[in-house]
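**Q** Before we start, here is the structure in question, set down as structure tokens.
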Amino acid sequence: MESLEEMFNKIEFLDNLLENIEIKTIQNEVLTEIYEKRKQTIVNDEAEVKNLLNLKEKKAKLDKSFIISSFLKTNARKKIVEYKTMIEKLN
């Protein structure tokens, strides 16, 4: 038969073991939550980077269109001046 002290020690050991398990469970839950938040942050960051790259591409296309448009307007103005000059010479 076990002594009262041995039984108490076993109970204390089991109590400590249970407390450690509870602590580890809480730590695991906290780490899981941190992991999920970081994972979501990474997903959000990836989406933001893709969005920024798309915006950069759109801006580059707009810049190219603006340059072409400016070039065409400049050429059109030059032609108008040339035609006006030719008309004035003919008159």
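**Q** Of Val43, Ala76, Val30, which is farthest towards the positive pole of the chain's charge dipole, taken about the Cα centre with +1 and -1 on the beta-carbons of Lys, Arg and Asp, Glu respectively?
**A** Going by the charge dipole, the pick is Ala76.
**Q** Moving to a separate point now. What is the extension gain from Glu33 to Thr85, computed as 0.36 nm multiplied by their sequence separation minus the C-alpha to C-alpha distance, in nm to one decimal?
**A** Working: separation 52, 0.36 × 52 = 18.72 nm, distance 7.67 nm.
Difference between extended and current length: 11.0 nm.
**Q** May I pose another question? For segment 1-43, with only Lys/Arg (+1) and Asp/Glu (-1) charged at the beta-carbon, what is the dipole magnitude about the Cα centre, in debye rounded to 20?
**A** Dipole size: approximately 560 debye.
**Q** Placing unit charges on C-beta atoms (Lys and Arg positive, Asp and Glu negative, everything else neutral), compute the dipole magnitude of segment 5-91 about its Cα centre in debye, rounded to 20.
**A** The dipole magnitude comes to about 2280 debye.
**Q** Would you kindly calculate the translational diffusion coefficient of segment 1-88, applying Stokes-Einstein with the Kirkwood radius from alpha carbon pairs, for 25 °C and a viscosity of 0.890 mPa s, and quote it in µm² s⁻¹ without decimals?
**A** On the way: Rh = 20.6 Å.
Stokes-Einstein gives a translational diffusion coefficient of 119 µm²/s.
**Q** Tell me the mean residue ellipticity at 222 nm calculated for the chain from its helices only (DSSP H runs of n ≥ 4, each -39500 (n - 2.57), averaged over every residue, nearest 500).
**A** Details: 1 runs with 87 residues, N = 91.
Helices in the chain give a 222 nm mean residue ellipticity of -36500 deg cm²/dmol.
Rule-based calculations on the coordinates, nothing more; no lab input. In this text the structure is predicted, and so the values were computed from the model without any measurement. Heads up, the Cβs are rebuilt from the backbone with ideal geometry, glycines too, and the neighbour counts pull from every protein chain shown.
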